[in-house]
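See structure below.
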Amino acid sequence: MATGLNNLATVLRDTNRLAEAELLMRRGLTILLRFAAATGHQHPNLDAGLGNWLSVLDAMGQSHDQMRAAMAAVQQEVARGG
C-alpha cells in the first residue's frame with residue numbers, strides 16, 4: 001500500500017500537484033513508520049519514502065524548521081496509533 005501511494009504521489013509531484021502529492025507521501029510514510037513500530041524493523045522503503053516526502057515539502061517552499069515540525073507531527077501520529 002505504501003509503495004502504491006508513493007508511486008501515485010510521484011506522478012502528482014511530477015505534474016506539479018504538490019499538495020496532493022504531499023498528502024499521499026505522508027500517508028505512505030506513516031504506514032512505513034507503523035510497520036517499523038510494530039515489527040521493530042525498518043521497512044526497506046522507509047528511507048526512500050522519507051526522502052520523497054521531504055523533497056515535496058522542499059518543493060512546496062517549506063523551511064527546514066517547518067519540515068522538522070511536520071516530521072514530529074507524523075511521529076506523534078504514529079505513536080498515538082492515529
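Give ALA59, ALA36, ALA48 a once-over and let me know the one that is farther than 20 Å from LEU8 by Cβ and among the aliphatic types (A, V, I, L, M). Lay out the reasoning, then the answer.
Working: ALA59 fails: farther than 20 Å from LEU8 by Cβ; ALA48 fails: farther than 20 Å from LEU8 by Cβ.
Of the residues listed, the single one that is farther than 20 Å from LEU8 by Cβ and among the aliphatic types (A, V, I, L, M) is ALA36.
Small (Gly, Ala, Ser), touching a residue at least 40 places away in the same chain (Cβ under 8 Å) and within 13 Å of VAL78 (Cβ to Cβ): which single residue out of ALA48, ALA9, ALA37, ALA19 fits that description?
ALA37
I need every pair where a residue in the range 58-82 that is over 24 Å from GLY40 (Cα atoms) and in contact (Cβ under 8 Å) with a residue 40 or more places away in the chain has its Cβ under 8 Å from the Cβ of a residue that is of a type outside the set (Phe, Trp, Tyr) and surrounded by fewer than 13 Cβ atoms within 10 Å (Cβ to Cβ), sequence separation at least 6 or different chains.
MET60/ALA19
Is it true that GLY61 is closer than 20 Å to VAL78 by Cβ and of a type outside the set (Asp, Glu)? Show your work before the answer.
On the way: closer than 20 Å to VAL78 by Cβ: no; of a type outside the set (Asp, Glu): yes.
Criteria not met by GLY61.
FYI, it's all coordinate maths here, none of it is from the lab. Note that the coordinates shown come from a computational prediction; the quantities given were computed from them, not determined experimentally. Here the Cβ is made from the backbone with ideal geometry for all residues, glycine too, and neighbour counts use every protein chain on show.
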